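The values are calculated or read from the model by the stated rules, or taken from the named source; none is laboratory data. Just so it is clear, the structure is predicted and the values come from calculations on it, not from any experiment. All Cβ positions, glycine included, derive from the backbone under ideal geometry; neighbour counts span all protein chains shown.
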Amino acid sequence: MRRVRHMMRKEFLELRRDPRLFGIVLIAPLLQLMMLGYAATTDVRDVPMVVVDEDRSALSRDLIARFDASGNFLVVDSVSSVAEIDRYLDEGRAWMALTIPAGYGERVRAGGGAAVQVIADGTDANSTNVALGYAGALVASYARALAASTGRGRATPLVGADIRVWFNPSLESRPFMIPGILALVLLVVCTTLSSMAIVREKELGTLEQLNVTPLARWELIVGKLVPYALLGMVDVLLVVGVAVGWFEVPLRGSFALLFGMSLVYLLTALGLGLFVSTISRTQQQAMMTTAFFFLLPMVFLSGFVFPIENMPRVIQPITYAIPLRYFLIILRGIFLKGIGLDVLWPQAAALLAWGLAILTLATLRSTKRLA
């Protein structure tokens with residue numbers, strides 16, 4: 001037991017002498033718990049909704065007010081025609097649209113019954129199902145209240161909801177998840193491999209041999225990252241082929257645009273991995289830093305699993321610093337909505353800026369000399 005105690009003491013001393021590893025073991029779990037404890041939620045609330053009120057009557061305004069005051073929906077804008085709904089759903093500024101036809105108020109007062117149209121973005125099938133349930137229950141409750149106030153009884157359907165789902169009419173989760181898996185595969189493979197690029201040379205002692213070569217800093221970096229970039233491109237082709245050919249996920253947009261955006265995303269993933277390699281001394285540190293401080297937070301805070309709109313408002317601004325967020329919007333927009341760069345350019349610009357920034361920072365930190 002005495003020898004065991006000495007061995008245990010030795011291990012604790014080594015942990016104390018390596019503050020980076022000590023921080024990963026103690027600080028990272030606390031940070032993840034505090035952040036993901038609020039962000040990891042399947043609740044659906046404050047669903048962004050755009051409204052088309054072609055009736056503009058007191059009854060139509062009352063219905064809109066009920067949606068806005070319910071706590072489950074948030075009216076983000078009101079437009080004058082149904083044609084204007086497209087850009088809100090394409091750009092993701094609204095998940096649902098409520099259309100109230102002209103003459104709605106007159107038909108309700110006459111007791112003939114009227115129907116409003118609820119259009120939903122079916123990209124995220126789970127959240128859309130919940131939101132449609134909220135909408136249906138709200139309209140049914142409103143219809144019962146109207147019937148009771150007019151003395152026609154609770155069973156009289158004065159108002160009904162015509163539900164339509166765009167982009168994913170069958171509300172299957174597979175078309176939503178598989179494009180995200182492509183982004184996740186590229187992030188895990190490219191970031192993990194490139195994060196160990198420089199560190200492996202340090203551990204093997206071969207970095208000293210590179211020091212005496214005429215290689216410039218940029219040549220060393222390019223030589224290290226290009227092989228992983230080629231592997232990433234192969235992964236893009238494989239995953240897209242399996243997604244379309246086997247899982248029958250529709251690719252409604254341009255494959256050229258998809259591949260081009262994947263290259264931009266590869267730049268980001270490789271730059272992130274290179275940055276991790278410049279702040280790590282061992283491959284173990286590189287892997288743990290990548291997993292705890294980058295991969296897990298990105299997966300949970302990017303919208304891959306939990307919708308960003310459902311996260312607390314304090315957490316939502318943090319998601320703008322996560323490149324996976326932008327690539328997921330691009331992938332799902334190309335796959336399911338068939339939209340192009342004219343709509344996706346803000347996400348493309350943010351992804352490119354993130355990639356150039358992290359690659360520049362990693363390049364400035366990297367050196368051919370041993371730390």
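Restrict the check to the stretch 93-100 and report whether at least one residue is modelled with pLDDT of 85 or more, over 21 Å from Ile339 (Cβ atoms) and aliphatic (A, V, I, L, M). Looking through the stretch 93-100, at least one residue is modelled with pLDDT of 85 or more, over 21 Å from Ile339 (Cβ atoms) and aliphatic (A, V, I, L, M). Going by the structure shown, is Leu331 under 17 Å from Val185 (Cα atoms), outside the structural domain of Phe73 (by TED's automatic domain parsing) and either part of a helix (DSSP H, G or I) or of a type in the set (D, E, K, R) (or both)? Here the answer is yes, as Leu331 does meet what is asked.
The condition of being closer than 23 Å to Gly71 by Cβ, touching a residue at least 24 places away in the same chain (Cβ under 8 Å), under 34 Å from the mean Cα position of the chain (by Cα) and outside any helix (DSSP H, G or I) holds for only one of Val130, Val118, that being Val118. Within the bounds of the stretch 305-320, is there any residue that is free of Cβ contacts under 8 Å to residues at least 40 places away in the same chain, crowded, with 17+ Cβ neighbours inside 10 Å and assigned by TED's automatic domain parsing to the domain that holds Gly355? The answer is yes, given that some residue of the stretch 305-320 is free of Cβ contacts under 8 Å to residues at least 40 places away in the same chain, crowded, with 17+ Cβ neighbours inside 10 Å and assigned by TED's automatic domain parsing to the domain that holds Gly355. Taking the stretch 125-139 as the range and being more than 25 Å from Ser80 (Cα to Cα) and surrounded by fewer than 22 Cβ atoms within 10 Å (Cβ to Cβ) as the test, the residues that pass are Ala125, Asn126, Asn129, Val130, Gly133, Ala137.
Counting the residues of the stretch 132-162 that are modelled with pLDDT of 85 or more and either in contact with a Phe, Trp or Tyr (Cβ under 8 Å, 6 or more places away or on another chain) or not assigned by TED's automatic domain parsing to the domain that holds Gly112 (or both) gives 3. Of all residues in the stretch 46-84, those satisfying the criterion of being among the acidic types (Asp, Glu) and assigned to a loop (DSSP other than H, G, I, E, B) are Asp46, Glu54, Asp55.
Restricting attention to the stretch 85-115, the residues that are in contact with a Ser or Thr (Cβ under 8 Å, 6 or more places away or on another chain), free of Cβ contacts under 8 Å to residues at least 40 places away in the same chain and not in a helix (DSSP H, G or I) total 0. Inspect all residues belonging to the stretch 142-158 and state whether any of them is in contact (Cβ under 8 Å) with a residue 40 or more places away in the chain and either within 17 Å of the chain's Cα centre (by Cα) or surrounded by 22 or more Cβ atoms within 10 Å (Cβ to Cβ) (or both). Yes, the stretch 142-158 contains at least one residue that is in contact (Cβ under 8 Å) with a residue 40 or more places away in the chain and either within 17 Å of the chain's Cα centre (by Cα) or surrounded by 22 or more Cβ atoms within 10 Å (Cβ to Cβ) (or both).
Taken over the stretch 177-195, residues that are at pLDDT below 85 and crowded, with 23+ Cβ neighbours inside 10 Å amount to 2. Among the residues of the stretch 90-107, the ones that are surrounded by fewer than 22 Cβ atoms within 10 Å (Cβ to Cβ) and hydrophobic (A, V, I, L, M, F, W, C) come to 1 in all.
The requirement of being of a type in the set (D, E, K, R) and modelled with pLDDT of 85 or more is fulfilled somewhere in the stretch 229-237, by at least one residue.
Is at least one residue of the stretch 288-297 buried (at least 20 other Cβ atoms within 10 Å of the Cβ), touching a residue at least 12 places away in the same chain (Cβ under 8 Å), more than 20 Å from the chain's Cα centre (by Cα) and on the phi < 0 side of the Ramachandran plot? Taking every residue of the stretch 288-297 in turn, at least one turns out to be buried (at least 20 other Cβ atoms within 10 Å of the Cβ), touching a residue at least 12 places away in the same chain (Cβ under 8 Å), more than 20 Å from the chain's Cα centre (by Cα) and on the phi < 0 side of the Ramachandran plot.
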